[in-house]
Amino acid sequence: AVVLNWNGGELNLDCVASLLEQGLAPADVIFVDNASSDGSLELVRERHPDLVVLVNEANLGFGHGVNRGIEHALAAGADAVLLVNNDVVLPAGCADTLLEALSADDSLGLVGPRVLDRSDPSRVWCAGGTVTYRQNLSVLLGHGEADGPRFQERRAVDYLAGCAMLVRREVFERIGLFDGAYFAYHEDVDFCMSAREAGFGVQLVGDASALHAPHHSTGGGYSPGRKYMMGVNTVWFLRRHGSPARWLSFLLFDVLTLVPLFALAIFDGRLPGVKAKARGTWDGLRGKRVTAERLMELLSQT
């Protein structure tokens, strides 16, 4: 298992504890720290001294950060790598259920649980996702809906949320690791899309669940940091996976809808987020990428 941390506080402790309760040995939990400054790295080292800890000298973002852990796992001989956000807790048996599903079908490359809102586990955060090429590129299936049987099935999906997924070794060997240039947002969509294009199945294992406290590191919702990154990265996703029809859908349903959003945002407090989304889209079209410096600047506006 690979856990990535950037100023995650005590959330890390719950995450790591849940992984160890799955039956993973401490030496099989790789904790990667992206230059945290809140004492969270020291706290994990104190509570769990037997974990594999990898420390980056700067905040490298999700892709580059988690890739370092994946490389370590593959070098150690792992046949599959479990990626878990540090704000995720896995209930008992989740890892075994995911591994059973992956082992049962050689065509599958990635499997993931339905993800529930940690603050209200009766609500779904996502049960996989669909790429729409409309607002924000994609839709989290079931987001905000009451949990129930229709989310607890096993079915193919366009992508799995990067906060909890089990990836077969052969996927990394064939398509490579995550694209670190995304920094944050859409790299999981990009990775799953690339895996599907390479012939691997992507499956929601709805009979397994994870509990997620989303967006704690980027402000969440309509925060400038999150919206800017989504704007930039949607453009870069389309550069790789787009077609004329997909670009047209993006322009009609994402770019042009910013105009009425500006008017509405003046009255509902979302104006900084809408402006950041527009700036991100423009920067993406100009060939710019997300950087840690730009993210910190925007987080200061949250």
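The values are calculated or read from the model by the stated rules, or taken from the named source; none is laboratory data. Here the structure is a predicted model, which means the values were calculated and not measured. Heads up, the Cβs are rebuilt from the backbone with ideal geometry, glycines too, and the neighbour counts pull from every protein chain shown. Note: accessible area is taken over every heavy atom of the protein model, side chains too, but ligands, DNA and RNA are not part of it. Shrake-Rupley method; radii C 1.70, N 1.55, O 1.52, S 1.80 Å.
Taking only protein heavy atoms into account and a 1.4 Å probe, give the accessible area per residue of the range 249-302 in Å².
58
Return a whole-number percent for the relative contact order of the range 160-255, with Cα pairs under 8 Å and 6 or more residues apart as the contact set.
Working: 48 pairs, mean separation 24.6, N = 96.
Once divided by the residue count of the range 160-255, the mean separation gives 26 percent.
Just grab the label-to-label distance for K288 and R174, each label 7 Å out from Cα along the Cβ direction, in nm (one decimal).
Going from the K288 label point to the R174 one covers 3.7 nm.
Multiplying the sequence separation of A75 and D96 by 0.36 nm and subtracting their Cα-Cα distance, what value in nm do you get?
So the chain would gain 5.3 nm between A75 and D96.
Just grab the label-to-label distance for L256 and S243, each label 7 Å out from Cα along the Cβ direction, in nm (one decimal).
Placing both labels 7 Å beyond Cα along the Cβ direction yields 2.1 nm.
Calculated FRET efficiency, E46 and E21, Cβ-Cβ r, R0 22 Å, to nearest 0.05?
Using R0 = 22 Å, I get an efficiency of 0.70.
Ignoring everything but the protein chains, give the 1.4 Å probe accessible area of M193 in square angstrom, nearest 10.
Around 20 Å² of this residue is reachable by solvent.
With a Förster radius of 51 Å, plug the Cβ-Cβ distance of M296 and A104 into 1/(1 + (r/R0)^6) and report the FRET value to the nearest 0.05.
Efficiency at R0 = 51 Å is approximately 0.70.
In what order, largest first, do I70, I266, I175 sit by accessible area if the probe radius is 1.4 Å?
On the way: I70 0, I266 110, I175 50 Å².
My answer, sorted largest first, is I266, I175, I70.
Let me check against my output: what whole-number percent is the relative contact order of the chain, with C-alpha pairs under 8 Å and at least 6 apart?
That works out to 19 percent.
In Å², and per residue, what accessible area does the range 1-137 have when probed at 1.4 Å with the other protein chains present? Mind showing how you got there, number by number?
Working: 5530 Å² over 137 residues.
In whole numbers, the range 1-137 has 40 Å² accessible per residue.
Out of these labelled values of Cα Rg over 2.2 N^0.38 Å, (i) 1.13; (ii) 0.96; (iii) 1.03, which was calculated from the coordinates shown here?
(ii)
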